[in-house]
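Scroll down for the structure; my scribbles are underneath it.
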């Protein structure tokens, strides 16, 4: 009887110290289909597995709509999203505002409508930009997207499948700026840089944290009508995941504000230009910041 009492007492003490459930089990991490997401997915997986008893599985190459639906339905437990994508693509806001306001609006909406939890921004803003060949910009005095409208009918636009269909992408961008391209072709994330350098296309969309921007001599057009919202990188998860893993929230909050635009661009550069493995790049980032042994 005394032994049974001691065991029960020990269990009660453990529950009081560590919460109702231990940080064990498995978390499914999702990534979208480009380099930055591969790196961030590996950062999350390595960070969690090195510091907790939680195992991870990474599901790659999901589109924005699929990964967001996967999080809501339990197929995915955690991933890095962008505030502008939630703001414009999932909730269809058509006006832009300050990054802090977009974060406030989106974090409240996804909590209220979907029971999701958004962490504070990781520190970088990976926004859309339009770029053209520098020779075209100089010869036609093109500096803004509004300027582009005068010659867009002579140019081929290369864009990703998402950008061509998203509400914060090409359809509404063309409508606002009155653009009409000679042709619109599909190109994947890295192939757009090769295609524009070989004159297969003359205009394309890029991300501000693209590492390849450091290697290609392209002209970034000013979004003079402020079409694109801020796209701060944020962690998204379901509230029940945090309830099941009581220490996970404070643990992941360590990453907030840790990855600047410059840091993210350089990480992407190491993969896209130098050819390093995303997992190795993620591991070196974590070691440099003393987040894994």
For this session: Identify, from the list 102, 187, the residue that is crowded, with 21+ Cβ neighbours inside 10 Å, in the same structural domain as residue 62 (by TED's automatic domain parsing), under 24 Å from residue 67 (Cα atoms) and in contact with a strand residue (DSSP E or B) (Cβ under 8 Å, 6 or more places away or on another chain).
Result: 102
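Each row is one residue, and each column tells you yes or no for (1) surrounded by fewer than 18 Cβ atoms within 10 Å (Cβ to Cβ); (2) touching a helix residue (DSSP H, G or I) at 6+ places or on another chain (Cβ under 6 Å); (3) within 29 Å of residue 290 (Cα to Cα); (4) free of Cβ contacts under 8 Å to residues at least 12 places away in the same chain.
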| site | (1), (2), (3), (4) |
| --- | --- |
| 34 | no, no, yes, no |
| 52 | no, no, yes, no |
| 57 | yes, no, yes, no |
| 60 | yes, no, yes, no |
| 69 | yes, no, no, yes |
| 75 | yes, no, no, no |
| 90 | no, no, no, no |
| 95 | yes, no, no, yes |
Exercise. Looking at this structure, is residue 235 more than 16 Å from residue 284 (Cβ to Cβ), at pLDDT 95 or above and crowded, with 19+ Cβ neighbours inside 10 Å?
Worked result: yes
Exercise. So which residues in the stretch 190-209 are surrounded by 21 or more Cβ atoms within 10 Å (Cβ to Cβ) and either without any contact (Cβ under 8 Å) to a residue 60 or more places away in the chain or over 12 Å from residue 131 (Cα atoms) (or both), if there are any at all?
Worked result: 192, 193, 201, 209
Problem set entry | Verdict on residue 252 being surrounded by 15 or more Cβ atoms within 10 Å (Cβ to Cβ), over 14 Å from residue 51 (Cα atoms) and touching a strand residue (DSSP E or B) at 6+ places or on another chain (Cβ under 8 Å) | no
Exercise. Is there a residue being buried (at least 21 other Cβ atoms within 10 Å of the Cβ), under 25 Å from residue 244 (Cα atoms) and touching a helix residue (DSSP H, G or I) at 6+ places or on another chain (Cβ under 8 Å) anywhere in the stretch 107-115?
Worked result: yes
Exercise. More than 21 Å from residue 61 (Cα to Cα), surrounded by fewer than 17 Cβ atoms within 10 Å (Cβ to Cβ) and in contact (Cβ under 8 Å) with a residue 12 or more places away in the chain - does that describe any residue in the stretch 155-171?
Worked result: no
For this session: Could you tell me whether any residue of the stretch 268-290 is assigned by TED's automatic domain parsing to the domain that holds residue 82 and closer than 18 Å to residue 82 by Cα?
Result: yes
Problem set entry | Hits in the stretch 122-135 (condition: over 25 Å from the mean Cα position of the chain (by Cα) and either farther than 20 Å from residue 163 by Cβ or outside the structural domain of residue 203 (by TED's automatic domain parsing) (or both)) | 134, 135
Seminar exercise, completed: Within the stretch 1-24, restricting to residues that are out of contact with any helix residue (DSSP H, G or I) (no Cβ under 7 Å at 6 or more places or on another chain) and either within 30 Å of residue 159 (Cα to Cα) or surrounded by 13 or more Cβ atoms within 10 Å (Cβ to Cβ) (or both), the one that is modelled with the lowest pLDDT is 19
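The values are calculated or read from the model by the stated rules, or taken from the named source; none is laboratory data. Note that the structure is a prediction, hence the values are computed from the model and not measured. Cβ: placed from backbone, ideal geometry, glycine included. Neighbour counts: every protein chain shown.
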